[in-house]
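The values are calculated or read from the model by the stated rules, or taken from the named source; none is laboratory data. Source: prediction; values computed, not measured. A quick note on method: Cβ atoms are made from the backbone with ideal geometry, for glycine too, and the neighbour counts reach across all protein chains shown. Accessible surface areas use protein heavy atoms only, side chains included; no ligands, DNA or RNA. Shrake-Rupley method; radii C 1.70, N 1.55, O 1.52, S 1.80 Å.
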Amino acid sequence: MNREYKLLIGGAWVAGDNGSFDVLNPATEAVVAACPTASVGQLDAAVAAAGEAFRQWQFSSNDTRKQLLHDIADKIEAHAAELAEIVVAEQGKPMFLAQAEVGGAVAWTRATAELDIPVEVIEDSPGKRIEMHRKPLGVVGSITPWNWPLMIAVWHIMPALRTGNTVVIKPSEFTPLNTLRLVELINEVAPKGVVNVVTGMSDIGRAMSVHTRINKIVFTGSTATGKDIMFHAANNLKRLTLELGGNDAGIVLPGTDVDAVAMPIFQGAFLNMGQTCAALKRLYVHDSIYEAMCSKLTEIAQQQQLGSGMDEGVTFGPVQNKKQLQIVSDLVEDARNNGARILCGGERLAGRGYFYPPTIVAEASDGMRIVDEEQFGPVLPVIRYSDVDDAVRRANDCDAGLGGSVWGADVESATQVATRLECGTAWINGHAEVLPHAPFGGCKMSGFGVEFGVEGLLEYTSPQLLNINK
């Protein structure tokens, strides 16, 4: 990207106090751009700017907030091609998927603009009226991951603004450039200091966790980091929304039409090269259709075209970074060494770029690392079962609880099984679908709190009861 990137604090561009770091293209391993490295002092300045902006923004009208989000959506839409190119360059996904991410960001911003939190009337009697109102929290800290960098930034920022808060966002050091550009666009229509961005390493995220003038943190990422944030947020009892790691299980019931469900199962597992928190990570398939399912998934996997997201016809990009590529490689190798069958893929491609082909692992079993640990990459272990109750037990025998799915021809039966899964969202004949009007969040070690819909907006507010004696 032929431009100089800077931090945006209080409406002003600022160079990083601690120099800069390189952002790599995972398809080529070439440097895309240098990104500023913020100091903790610059984080303090960003929080102060957000706090000063909050003094006025908290009193903005409902209509003003709605209009700002629509104005931001207009900006994203007008710069859609540019933002998609940035996402491909630093994240690695194919262009069609980056374009869908930008389009989703626009749609999500507009949908959030139109959400309202009504005043709840608890009592309205001749002598008394009791109302429940919702007030903004103040400065919201957002820490985003590298897998859906633009979309998740929108998921964090827009409900905060819609409810009258101000924001300091720290994107992943692997994919910071699109967030810097997004915040620049937001600042063309928003009051100064309402949205600020600082980029850097984990020390900035840690400093956000302990910062006494940040009143809420919304974080999407690993369970380990989420636990660290929760520990350090205790000093001022920050509100938290934590969307953490998942190891989503899917159960395919006997009698399921393999040809009908194989493609949506593949898409649910390998969305964004499997680098999605709510992707299908473990697939339990009944004995009677096990071999047919493995064969069909392998066929689909072998049809994918790997390459740079900028190239025509590419359907499958690289793993985003070298560390994650190594994790994927290690898990597949462990499965191979423990008796699993690698039906396709299973080796990093030679040459530059972090390319790992879509990999189907048959005869995987509970106790293998590929089943017990979240791979967060282009690998799907397929696990054989003979009893549905046993499949449910095995699916639930996991610390994570983000999503799960059940696949079958009889929707009623599949739904009954899905209600027994221990997860925040259970899909029937689908997986990994999130919607702006439907709450989404996890349980167990996949975090707490929800995003999206009115319930998601409530996470950015504090209740205030008005007890009125007439």
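Out of the residues in the range 407-420 that are open to solvent by less than 40 Å² (accessible area, probe 1.4 Å) and in contact with a helix residue (DSSP H, G or I) (Cβ under 8 Å, 6 or more places away or on another chain), state the one that is nearest to Ala395 (Cα to Cα). Quick ask: steps written out before the conclusion?
To start, the set of residues in the range 407-420 that are open to solvent by less than 40 Å² (accessible area, probe 1.4 Å) comprises 407-408, 414, 417-418.
Now restrict to residues that are in contact with a helix residue (DSSP H, G or I) (Cβ under 8 Å, 6 or more places away or on another chain): 407-408, 417.
Details: Trp407: 14, Gly408: 16, Val417: 11 Å.
The extreme case among them is Val417.
Determine which single condition Tyr385 fails, assuming it passes every other condition in (1) without any contact (Cβ under 8 Å) to a residue 60 or more places away in the chain; (2) open to solvent by less than 60 Å² (accessible area, probe 1.4 Å).
Condition (1) is where Tyr385 drops out.
Could you please let me know if Thr144 is in contact (Cβ under 8 Å) with a residue 40 or more places away in the chain, in contact with a Leu (Cβ under 7 Å, 6 or more places away or on another chain), of a type in the set (Ser, Thr, Tyr) and closer than 25 Å to Gly453 by Cβ? Lay out the reasoning, then the answer.
On the way: in contact (Cβ under 8 Å) with a residue 40 or more places away in the chain: yes; in contact with a Leu (Cβ under 7 Å, 6 or more places away or on another chain): no; of a type in the set (Ser, Thr, Tyr): yes; closer than 25 Å to Gly453 by Cβ: yes.
So Thr144 fails the test.
Return only the number of the condition from (1) more than 30 Å from Leu458 (Cβ to Cβ); (2) among the charged types (D, E, K, R); (3) free of Cβ contacts under 8 Å to residues at least 12 places away in the same chain that Arg55 does not satisfy.
(1)
Please count how many residues of the range 300-314 are farther than 26 Å from Gly245 by Cβ, part of a loop (DSSP other than H, G, I, E, B) and open to solvent by 40 Å² or more (accessible area, probe 1.4 Å).
Step one: list which residues in the range 300-314 are farther than 26 Å from Gly245 by Cβ, which gives 302-303, 305, 307-308, 310-314.
When the remaining residues are screened for being part of a loop (DSSP other than H, G, I, E, B), the result is 303, 305, 307-308, 310-314.
Next, only the ones that are open to solvent by 40 Å² or more (accessible area, probe 1.4 Å) stay: 303, 305, 310-313.
Looking only at that region, the number is 6.
Residue by residue through the range 421-458, note down the ones that are of a type in the set (Phe, Trp, Tyr), open to solvent by less than 30 Å² (accessible area, probe 1.4 Å) and in a strand (DSSP E or B).
We begin by selecting, within the range 421-458, every residue of a type in the set (Phe, Trp, Tyr); these are 427, 440, 448, 452.
Filter again for open to solvent by less than 30 Å² (accessible area, probe 1.4 Å), leaving 427, 440, 452.
If the condition is that a residue be of a type in the set (Phe, Trp, Tyr), open to solvent by less than 30 Å² (accessible area, probe 1.4 Å) and in a strand (DSSP E or B), then Trp427, Phe440 are the ones that fit.
Of (1) in contact (Cβ under 8 Å) with a residue 12 or more places away in the chain; (2) more than 27 Å from the chain's Cα centre (by Cα); (3) in a loop (DSSP other than H, G, I, E, B), Gly351 satisfies all except one. Which?
Every listed condition holds for Gly351 apart from (1).
So for the range 52-66 (the condition being surrounded by fewer than 21 Cβ atoms within 10 Å (Cβ to Cβ) and in contact with an Asp or Glu (Cβ under 8 Å, 6 or more places away or on another chain)), does at least one residue qualify?
Yes, the range 52-66 contains at least one residue that is surrounded by fewer than 21 Cβ atoms within 10 Å (Cβ to Cβ) and in contact with an Asp or Glu (Cβ under 8 Å, 6 or more places away or on another chain).
For a quick check of your reading of the model, give me the residue pairs whose first member lies in the range 420-439 and is under 15 Å from Thr276 (Cβ atoms), whose second is assigned to a loop (DSSP other than H, G, I, E, B) and β-branched (Val, Ile, Thr), with beta-carbon atoms closer than 7 Å and at least 6 apart or on different chains.
Cβ pairs passing all conditions: Ala432/Thr276.
Working only within the range 296-351, note down all residues that are in contact with a strand residue (DSSP E or B) (Cβ under 6 Å, 6 or more places away or on another chain) and under 12 Å from Gly92 (Cα atoms).
Leu306, Phe316
Quick check, is Ile169 open to solvent by less than 10 Å² (accessible area, probe 1.4 Å) and in a loop (DSSP other than H, G, I, E, B)?
Details: open to solvent by less than 10 Å² (accessible area, probe 1.4 Å): yes; in a loop (DSSP other than H, G, I, E, B): no.
Answer is no for this residue.
Would it be correct to say that Glu333 is among the acidic types (Asp, Glu) and outside any loop (DSSP other than H, G, I, E, B)? Don't jump to the end; show me each part of the working.
Details: among the acidic types (Asp, Glu): yes; outside any loop (DSSP other than H, G, I, E, B): yes.
Answer is yes for this residue.
Name the one entry in Ala12, Ala27, Ala34 that is within 30 Å of Phe355 (Cα to Cα), of a type in the set (A, V, I, L, M) and touching a helix residue (DSSP H, G or I) at 6+ places or on another chain (Cβ under 9 Å).
Working: Ala12 fails: within 30 Å of Phe355 (Cα to Cα); Ala34 fails: touching a helix residue (DSSP H, G or I) at 6+ places or on another chain (Cβ under 9 Å).
Exactly one residue qualifies, and that residue is Ala27.
Do we find a residue being over 18 Å from Leu43 (Cα atoms) and out of contact with any helix residue (DSSP H, G or I) (no Cβ under 8 Å at 6 or more places or on another chain) anywhere in the range 145-152? I'd like the intermediate steps shown before the answer.
Initially, the range 145-152 is screened for residues over 18 Å from Leu43 (Cα atoms), giving 145-152.
Subset that is out of contact with any helix residue (DSSP H, G or I) (no Cβ under 8 Å at 6 or more places or on another chain): 152.
Yes, because at least one residue in the range 145-152 is over 18 Å from Leu43 (Cα atoms) and out of contact with any helix residue (DSSP H, G or I) (no Cβ under 8 Å at 6 or more places or on another chain).
Could you please find all residues in the range 144-165 being in a helix (DSSP H, G or I), hydrophobic (A, V, I, L, M, F, W, C) and buried (at least 24 other Cβ atoms within 10 Å of the Cβ)?
The initial filter retains those residues of the range 144-165 that are in a helix (DSSP H, G or I), namely 149-162.
From the residues that got through so far, the ones that are hydrophobic (A, V, I, L, M, F, W, C) too are 150-155, 157-158, 160-161.
Once the filter is applied, which keeps residues that are in a helix (DSSP H, G or I), hydrophobic (A, V, I, L, M, F, W, C) and buried (at least 24 other Cβ atoms within 10 Å of the Cβ), the range 144-165 yields Leu150, Ile152, Ala153, Val154, Trp155, Ile157, Met158, Ala160, Leu161.
Among the numbered criteria (1) in contact with a His (Cβ under 8 Å, 6 or more places away or on another chain); (2) crowded, with 17+ Cβ neighbours inside 10 Å, which one does Val119 miss?
(2)
Looking at (1) of a type in the set (D, E, K, R); (2) closer than 21 Å to Cys423 by Cβ; (3) in contact with a strand residue (DSSP E or B) (Cβ under 8 Å, 6 or more places away or on another chain), can you tell me which one Arg384 breaks?
The one condition Arg384 does not meet is (2).
Spot the failing condition for Glu90; the list is (1) open to solvent by 30 Å² or more (accessible area, probe 1.4 Å); (2) closer than 30 Å to Phe316 by Cβ, and only one is missed.
(1)
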